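Student: Please read through the structure below; I'll follow up with questions.
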Amino acid sequence: MTDQINRPAGEAGINRVVLAYSGGLDTSVILKWLQQTYNCEVVTFTADLGQGEELEPARAKAEMMGVKPEHIFVDDLREEFVRDYVFPMMRSNALYEGLYLLGTSIARPLIAKRQIEIAKMVGADAVSHGATGKGNDQVRFELGYYALSPDIKVIAPWREWDLTSRTRLIEFAEQHQIPVSKDKRGQAPFSTDANMLHTSSEGLVLENPWDEVPDYVYSRTVNPEDAPDTPEYITIDFERGDGVAINGEGMSPATLLSTLNEYGRRHGIGRLDLVENRFVGMKSRGMYETPGGTIYHLAHRGIEQLTLDRGAAHLKDELAPRYAELIYNGFWFSPEREMLQAAIDHSQEKVSGTVRLKLYKGGVYVVGRKSPNSLYSEKVVTFEDDQGAYDQRDAAGFIKLNALRLRLLGRRDQ
């Protein structure tokens, strides 16, 4: 492979770029490519979102590749991620296409936000990311960038360079003395993305939707068949729609989600094999593991069963798919998402109480719930003598009024 670089148009005026940097093969190649192609200074930003990896090697690798120490940012964003992004989303009960808990989608706006903050801090002309031209992440990152800094320049190397395969990336890395992890030298069986909420895997061994996901692809959960043979019971306390304690022990948002992840891992909870519709138009098959998020989602619905009025609950269920689609497509910073969030947050004012859950071999079951704000009246609903709390004769007029139009239709059409 030659050292010839195909320089994209529009590179003039780029002196400093903030790169979303993981330290892996792709973004390390991008770092060197930016330095060469744009003859610019690169600032690296690595976000700790609870992906479970040691991030200091990314700092060392960036410094080795010529990035100034003061221009290497490794930020712990775990609490902000769960408090300001995951929990607000969970209040909505959002599921993309009825199943996906949006683990990758919800991380992108926070990364974009912090990247823009750093760009302003260091006086950068542009920002860059490692998302490919086929996926959703390029859209999510860039919609975030433009919402927060409308005139920022964005460099998306996968849409510009001619390094079109992993083999070409490795060749480029070796040519420029970029360390390559040994496990990247062979053909990786699949690609992954991870944060505190979930791990996603896609590609290669997962590309045929008829083939079952191999068990070795799963990294966050034990096989449900191998999970404990004894159920485990836990409680989650909620205040105003957000989880605040597990088994009576108060916890910060990130600690609470991390603790639920461990429960979910042990019991094989939160696996999802999904063929989804990407925003860019194609279908893709992915495997998602969301152990703690799955538990949390069902617990939140459990406490809403007691505390939300029927009208509010049903309206929320109508709004949730629209909200989920906005998150999936990258419109976190849009006015319509903020409008929906305001309505959702208002609905959560009385969503406080405790949910008891049973965890068993991949399943999560709500087995109890209680709340000081409960709308459930045992006195009204009882099959025993309600002592006048509900007059069953009232139902006759209710039914007749609702049946009126049906009876008129029936008479006309006989």
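The values are calculated or read from the model by the stated rules, or taken from the named source; none is laboratory data. Quantities reported herein were computed from a predicted structural model and do not represent experimental measurements. Every residue, glycine as well, gets a Cβ built from its backbone with ideal geometry; the counts of neighbours run over all protein chains shown. These area figures cover heavy atoms from the full protein model, side chains too; ligands, DNA and RNA do not enter into them. Shrake-Rupley method; radii C 1.70, N 1.55, O 1.52, S 1.80 Å.
Student: Would you please state the base-10 log of I(q)/I(0) at q = 0.12, 0.13, 0.19 1/Å for the stretch 93-196, with intensities from the Debye formula using one equal scatterer on every alpha carbon?
Tutor: Those come out to -0.55, -0.64, -1.13, one per q.
Student: Could you calculate the FRET efficiency of Tyr233 with Glu262 from 1/(1 + (r/R0)^6), where r is the beta carbon distance between them and R0 is 22 Å, rounded to 0.05?
Tutor: 0.90
Student: Between Glu349 and Glu79, what is the label-point separation in nm under the 7 Å Cα-to-beta-carbon projection?
Tutor: Placing both labels 7 Å beyond Cα along the Cβ direction yields 2.8 nm.
Student: Compute the distance from the alpha-carbon center of the stretch 28-50 to that of the stretch 252-291, in whole Å.
Tutor: Here the answer is 29 Å between Cα centres.
Student: Further question: Can you give me the relative contact order of the stretch 174-316 as a percent, contacts being Cα pairs under 8 Å and 6 or more apart?
Tutor: 24
Student: Quick one: pull the percentage of alpha-carbon pairs in the stretch 49-143 with a separation above 23 Å.
Tutor: The answer is 35 percent, as a whole percent.
Student: Then there is this: Can you tell me, using C-alpha contacts under 8 Å and at least 6 residues apart, the relative contact order of the chain as a whole percent?
Tutor: Dividing the mean separation by the residue count of the chain yields 17 percent.
Student: Using a Förster distance of 51 Å, how high is the FRET efficiency between His314 and Arg16, based on the Cβ-Cβ distance and rounded to 0.05?
Tutor: With a Förster radius of 51 Å, E is 0.50.
Student: Over the chain, with the other protein chains present, what is the accessible area per residue in square angstrom, probe 1.4 angstrom?
Tutor: Per-residue accessible area for the chain comes out at 50 Å².
Student: From the residues Tyr100, Thr167, Ile72, which one has its Cα farthest along the dipole of the chain in the positive direction, the dipole being from +1 and -1 charges on Cβ of Lys/Arg and Asp/Glu about the Cα centre?
Tutor: Tyr100
Student: Moving on to the next point. Which one of Glu202, Glu174, Glu262 has the biggest mean-square fluctuation once the chain is modelled by GNM with Cα springs under 10 Å?
Tutor: The residue that fluctuates most here is Glu174.
Student: Next question, about the same structure. Residue-wise, which Karplus ³J(HN,Hα) couplings in Hz belong to the stretch 90-102, taking 6.51 cos²θ - 1.76 cosθ + 1.60, θ = phi - 60°, and x for glycine or proline?
Tutor: Along the stretch 90-102, the couplings run 5, 4, 7, 6, 5, 9, 6, 6, x, 9, 8, 7, 6 Hz.
Student: For the stretch 303-348 and the stretch 109-139, what is the separation of their C-alpha centers, rounded to whole Å?
Tutor: 27
Student: Now, a different point. Carbon and sulfur atoms: what percent of the 1.4 Å accessible area of the chain do they account for?
Tutor: 50
Student: Test of understanding: in a Gaussian network model of the chain with alpha carbons linked when under 10 Å, which of Thr27, Thr230, Thr354 would top the mean-square fluctuation ranking?
Tutor: Of Thr27, Thr230, Thr354, the most mobile in the Gaussian network model is Thr230.
Student: To the nearest 20 debye, what charge dipole does the chain have about its Cα centre, counting +1 at the Cβ of each Lys and Arg and -1 at the Cβ of each Asp and Glu?
Tutor: Magnitude of the dipole: close to 960 debye.
Student: Would you work out the charge dipole size for the stretch 1-121 about its Cα centre, treating the Cβ of every Lys and Arg as +1 and the Cβ of every Asp and Glu as -1, and quote it to the nearest 20 debye?
Tutor: 320
Student: I would also like to ask the following. Just reorder Arg108, Arg159 by solvent-accessible area, largest first, 1.4 Å probe, all chains present.
Tutor: The residues order as Arg159, Arg108, largest area first.
Student: Here's something else I'd like to know. Report the charge-dipole magnitude of the stretch 273-361 in Debye, nearest 20, computed about the Cα centre from +1 at each Lys and Arg Cβ and -1 at each Asp and Glu Cβ.
Tutor: 380
Student: If you don't mind, there's one more thing I want to ask. Calculate, in nm to one decimal, what Ser181 and Thr382 gain on full extension: separation in residues at 0.36 nm each, minus their alpha carbon distance.
Tutor: Extra length available between Ser181 and Thr382 comes to 65.9 nm.
Student: Now for a different question. Once all Cα-Cα distances of the chain are split into 20 Å bins that start at 0, what whole-number percent is in each one?
Tutor: In order of increasing distance, the bins hold 23, 49, 21, 6, 0 percent.
Student: May I ask for the distance between the Cα centers of the stretch 66-83 and the stretch 360-388, given as a whole number of Å?
Tutor: 46
Student: For a Förster distance of 22 Å, can you work out the FRET efficiency between the beta-carbons of Tyr146 and Thr192, rounded to the nearest 0.05?
Tutor: 0.20
Student: Rounded to the nearest 10 Å², what accessible area does Thr255 have for a 1.4 Å probe in the complete protein model?
Tutor: 70
Student: In terms of solvent-accessible area of protein heavy atoms at a 1.4 angstrom probe, what is the ranking of Met65, Met339, highest value first?
Tutor: If we order Met65, Met339 from most to least accessible, we get Met339, Met65.
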